[in-house]
1. Could you tell me which of the residues 89, 60 is within 16 Å of residue 112 (Cβ to Cβ), among the hydroxyl-bearing types (Ser, Thr, Tyr) and without any contact (Cβ under 8 Å) to a residue 60 or more places away in the chain?
2. Just one of (1) surrounded by 14 or more Cβ atoms within 10 Å (Cβ to Cβ); (2) over 13 Å from residue 113 (Cβ atoms); (3) more than 15 Å from the chain's Cα centre (by Cα) trips up residue 34, so point out which.
3. Check segment 42-49 and report whether any residue there is exposed (fewer than 12 other Cβ atoms within 10 Å of the Cβ) and of a type in the set (A, V, I, L, M, F, W, C).
4. Mind checking which residues of segment 107-125 are touching a residue at least 24 places away in the same chain (Cβ under 8 Å), part of a loop (DSSP other than H, G, I, E, B) and among the hydrophobic types (A, V, I, L, M, F, W, C)?
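Taken together, the values in this text are just the output of simple stated rules run on the coordinates, not laboratory data. Since the model is a prediction, treat every value here as computed from it, not as a measurement. Cβ sites come from the backbone with ideal geometry, for glycine too, and all protein chains shown count toward neighbours.
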Amino acid sequence: MANVSKLQAVSAGLCPRCRQGKIFKTALYNPVGFGEMNEFCPHCGLRFEIEPGYFIGAMYVSYAFSGGLALILGFALFYLFNNPPGWVYALVVSIGVIVISTINFRLSRVIWLHYVAGIPYDPAI
């Protein structure tokens, strides 16, 4: 397999060590089991959950994504729709966060694994 960049591995949800094995068991668009992770990389055998509760820290990444989306939607509503009532902001932001929740959940864990875990890439695997 050709070398996969870190950005490609993150966007495809691949193992940080071999960049070939999938981190999650099912496809992103599968509404049942979208959050089920492989315990070990199917290619190199890396254990993804380094310690119990390891992915609790991924909530910070998830919070940043949700907060960023809320800011973007808030500014868009303010400038494009002439500052609608507060309930419109709450409704639009809530719907936006719910819509991206599966992507947010998975991407925050993948980013946490790739950028915080300190797992070096090993092209020889």
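1. 60
2. (3)
3. No, there is no match, as no residue in segment 42-49 is exposed (fewer than 12 other Cβ atoms within 10 Å of the Cβ) and of a type in the set (A, V, I, L, M, F, W, C).
4. The first filter runs over segment 107-125 and keeps only residues touching a residue at least 24 places away in the same chain (Cβ under 8 Å), leaving 107-114, 116-117, 119-123, 125.
Then drop every residue that is not part of a loop (DSSP other than H, G, I, E, B), which leaves 116-117, 119-123, 125.
116, 117, 119, 125, listed by residue number.
So that you can scan it fast, the table gives a plain yes or no per residue for (1) among the aliphatic types (A, V, I, L, M); (2) more than 11 Å from the chain's Cα centre (by Cα); (3) over 13 Å from residue 15 (Cβ atoms):
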residue: 38; (1), (2), (3): no, yes, no
residue: 46; (1), (2), (3): yes, yes, no
residue: 52; (1), (2), (3): no, yes, yes
residue: 76; (1), (2), (3): yes, yes, yes
residue: 85; (1), (2), (3): no, yes, yes
residue: 96; (1), (2), (3): no, yes, yes
residue: 100; (1), (2), (3): yes, no, yes
